[in-house]
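Shown next, in structure tokens, is the structure this report addresses.
The values are calculated or read from the model by the stated rules, or taken from the named source; none is laboratory data. Everything numeric in this text was worked out from a predicted model, so none of it was measured. We place every Cβ from the backbone using ideal geometry, glycine too, and count neighbours over all the protein chains shown. Just the protein is used for accessible areas: all its heavy atoms, side chains included, with ligands, DNA and RNA removed. Shrake-Rupley method; radii C 1.70, N 1.55, O 1.52, S 1.80 Å.
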Amino acid sequence: VQLQASGGGVVQAGGSLRLSCVASGDIDSISGQSWFRQAPGKPRELVAGITSRDIINYGDSVKGRFTISRDNAKNTLYLQMNSLEPEDTAVYYCHAAVRSVGYWGQGTQVTVSS
């Protein structure tokens, strides 16, 4: 499975961005997809995840502001990020789970200015 993330950028606090992650390869074997992020000096953390049965969960810090979704026809995972805060600044990674093996995209930088 290959993952290609895009959509990062620089935005002012309170603004919005939408990240995309296009999957290719053994797509039918994907059991779950997620977005993680990693800020400088901090561990990578789960932002949001969605299973093949559309069970969704969010990290506590983004609940009510971020929305994960996917378009199966386009093999694309999305992360709509609203009410962005400087604390959301990080490199965002998409992740896919296939038969207990995890695959990572290359990461896309999100910078929120105050």
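A crude spin-label estimate for the pair ARG99 and ASP26, with each label 7 Å from Cα along the Cβ direction, gives 0.4 nm.
On a per residue basis, segment 4-114 carries 53 Å² of accessible surface, using protein heavy atoms and a 1.4 Å probe.
Projecting label points 7 angstrom from Cα along Cα→Cβ for ASN75 and GLN109 puts them 2.8 nm apart.
How high is the FRET efficiency between ASP60 and SER16 when r is their beta carbon distance and R₀ equals 25 Å, given to the nearest 0.05? So, using R0 = 25 Å, E works out to roughly 0.80. In the neighborhood of CYS21, defined by Cβ-to-Cβ distances under 12 Å, what is the net charge if each Lys or Arg adds +1 and each Asp or Glu adds -1? Around CYS21, the charge tally is +2. Scalar couplings 3J(HN,Hα) for segment 47-64, obtained by applying the Karplus form with A = 6.51, B = -1.76, C = 1.60 to θ = phi - 60°, are 9, 6, x, 9, 8, 5, 9, 6, 7, 10, 9, 10, x, 4, 6, 10, 4, x Hz; x denotes Gly and Pro.
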